[in-house]
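Visitor: Encoded as structure tokens, here's the structure I'll be asking about.
The values are calculated or read from the model by the stated rules, or taken from the named source; none is laboratory data. None of the values given here were measured: they were computed from a predicted structure. Methodologically, a virtual Cβ is constructed for each residue, glycine included, from the backbone with ideal geometry; neighbour enumeration extends over all protein chains shown. What goes into the accessible areas is simple: the full protein's heavy atoms, side chains included, and nothing from ligands, DNA or RNA. Shrake-Rupley method; radii C 1.70, N 1.55, O 1.52, S 1.80 Å.
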Amino acid sequence: MVMGTFLFVLLLALLILFFLRQLWSRRHLPPGPLALPLIGTLWADGFWLREDYFRKPAKRYGNIYSIWIGHHLLVVLSGFKAVKEGMTSFPQEFSDRPDDAFLTAIGKGLGIIFSSGHTWKQQRHIVITSLRKLGLGKKSIEHQIEDAAQKLVETFRQTKGQPFDPSFPIRHAISNVICSLSFGHQFVPEDENFQKLIEALEIIVKVTGSFFHLLAKSLNLLSVQLHLEQVLTSTLKIIAIFIFHFKHQSRNDSTYNENNLAQCIFDFFSAGVDTTFATMMWALLLLTNHPDIQEKVQKEIEDVFSISGSISYQDRKKLPYTNAVIHEMQRIKYALLIGAPRKSTKDVKMRGYHIPKETFIIPDVRSVLLDPEQWEKPEEFNPNHFLDKDGKFIEREEFLPFGIGQRSCVGEQLARIETFIFLTSLLQVFRLQLPEGVKQINQSPIVKLTVHPQPYKLCAVPTQA
């Protein structure tokens with residue numbers, strides 16, 4: 001009995017000593033919940049993701065705060081001012097990716113999304129250069145997107161106004177745009193390699209979609225690696241068919257090789273397909289749920305173009321309300337919970353707080369897009385956020401769905417062109433309606449790293465008989 005009491009008191013004293021030591025050693029870090037052994041601060045906000053998972057702690061601890069996943073320190077930058085300051089004041093210090101077992105399993109330090117340093121700089125340069133050579137920003141690439149959009153219109157037309165799930169044709173159309181860029185060729189849905197590539201990518205998105213699993217390292221890395229190998233195998237098969245000569249300068253420091261090429265194409269698919277797919281699915285949902293806004297968009301398009309007139313990306317300047325609606329969709333229903341984390345390459349002092357070297361840095365873009373200090377009605381779908389009093393479109397510095405700083409999305413322009421052309425092409429031909437008996441499509445999200453709507457059906461009714 002005495003021994004038991006002694007051991008209890010000793011354990012209690014050790015725990016108190018541990019917590020006091022922790023508080024002292026972390027006194028200069030940004031504030032945050034108390035970190036417990038093994039689980040860190042996961043106890044504070046739960047183990048399951050929500051839309052406000054990273055915004056909620058900011059209300060208590062401020063716009064720069066600390067959380068711990070096991071022994072990993074994460075510093076979250078929340079709200080427009082903090083994110084802008086962190087990404088513009090420390091562009092070099094916050095430019096690397098973490099040396100994390102999970103991220104290494106996914107990207108192997110290759111490509112553009114998960115690489116750092118010399119490899120990242122070379123791969124980013126070659127990707128940007130390649131996109132320009134392939135016609136990004138020119139009519140040639142728009143024609144490919146317009147072609148995919150017209151095929152999408154025909155698929156919608158085949159539904160004859162009956163309820164249908166738009167997810168498959170949307171994903172196929174977006175995937176084929178990436179195929180056109182990567183391989184110079186579009187694929188029919190029945191193509192075996194194409195099917196394997198899309199299937200494996202979907203599996204990886206689902207498996208890696210849990211942020212808790214990702215950072216708590218409780219997920220089966222072997223399973224992820226097997227699916228990743230399947231993606232890269234499919235990618236390399238397609239490269240073998242469509243790329244006959246791959247030349248690069250013979251330099252010791254060159255990262256222009258087949259493995260980096262395959263990883264870059266995988267990055268194109270994993271980042272370029274799923275986020276644009278989520279954006280399009282949210283857009284169709286919002287337009288169906290808000291027929292008044294949809295009607296105003298269609299009237300603007302009809303006033304400017306004939307029912308069969310071709311719409312290009314440059315025409316967005318003639319369609320201020322339509323452009324505002326698309327921006328507002330991307331703001332209110334941002335496709336990512338968070339982007340890939342960054343890493344501090346050396347000790348940094350920000351707003352009086354010490355951020356040690358090797359800290360995970362999370363610029364919370366979602367908090368920027370919903371920042372109550374920047375948006376009049378942040379929680380409402382309100383296209384007026386992007387219109388002045390005369391109805392003219394206005395650019396907003398706070399609109400950052402593609403990130404900010406050196407690691408902002410290299411595919412931003414491509415994603416903007418796709419979303420604009422796909423949506424205007426559909427709205428020029430169809431009125432999106434709720435199925436009979438349905439009052440509203442469910443807007444509650446499926447929250448993973450990519451935030452998707454729940455599966456739904458709609459009716460695409462031709463505007464002209």
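Visitor: Give just the number: which of (1) free of Cβ contacts under 8 Å to residues at least 40 places away in the same chain; (2) out of contact with any His (no Cβ under 7 Å at 6 or more places or on another chain) does Glu376 not satisfy?
Guide: Here Glu376 clears every test but (2).
Visitor: Right, here's the next one. Determine, yes or no, whether Leu449 is open to solvent by 30 Å² or more (accessible area, probe 1.4 Å), more than 30 Å from Ile141 (Cα to Cα) and either out of contact with any Lys or Arg (no Cβ under 9 Å at 6 or more places or on another chain) or modelled with pLDDT of 95 or more (or both). Break it down stepwise before answering.
Guide: On the way: open to solvent by 30 Å² or more (accessible area, probe 1.4 Å): yes; more than 30 Å from Ile141 (Cα to Cα): no; either out of contact with any Lys or Arg (no Cβ under 9 Å at 6 or more places or on another chain) or modelled with pLDDT of 95 or more (or both): yes.
The answer is no for Leu449.
Visitor: Now, a different point. Of all residues in region 363-398 being among the polar types (S, T, N, Q) and closer than 29 Å to Pro30 by Cα, which is surrounded by the fewest Cβ atoms within 10 Å (Cβ to Cβ)?
Guide: Checked region 363-398; the qualifying residue surrounded by the fewest Cβ atoms within 10 Å (Cβ to Cβ) is Gln374.
Visitor: I'd like to check something: does region 404-419 contain any residue that is in a loop (DSSP other than H, G, I, E, B) and loosely packed, with under 12 Cβ neighbours inside 10 Å?
Guide: no
Visitor: Now for a different question. Here are some residues: Ala340, Ala324. Which one is buried (at least 16 other Cβ atoms within 10 Å of the Cβ), in a helix (DSSP H, G or I) and among the hydrophobic types (A, V, I, L, M, F, W, C)?
Guide: Ala324
Visitor: Continuing with this model, one more query. Would you check if Asp99 is within 19 Å of the chain's Cα centre (by Cα) and in a loop (DSSP other than H, G, I, E, B)?
Guide: So Asp99 does not fit the description; no.
Visitor: Just one of Phe360, Phe268, Phe277 is under 14 Å from the mean Cα position of the chain (by Cα) and open to solvent by less than 30 Å² (accessible area, probe 1.4 Å); which is it?
Guide: Checking each option against the conditions leaves just Phe277.
Visitor: List the number of the failed condition for Tyr353; all other conditions in (1) of a type in the set (Ser, Thr, Tyr); (2) open to solvent by 20 Å² or more (accessible area, probe 1.4 Å); (3) under 16 Å from the mean Cα position of the chain (by Cα) hold.
Guide: Failed condition: (3).
Visitor: Among the residues of region 278-314, write down those that are under 17 Å from Gln150 (Cα atoms) and not aliphatic (A, V, I, L, M).
Guide: Phe305, Ser306, Ser308, Gly309, Ser310, Ser312, Tyr313
Visitor: Something else now. Test of understanding: among Tyr65, Tyr61, which residue is out of contact with any Lys or Arg (no Cβ under 7 Å at 6 or more places or on another chain), modelled with pLDDT of 90 or more and open to solvent by 30 Å² or more (accessible area, probe 1.4 Å)? So that I can check it myself, show each step before the final result.
Guide: Numbers: Tyr65 fails: open to solvent by 30 Å² or more (accessible area, probe 1.4 Å).
Checking each option against the conditions leaves just Tyr61.
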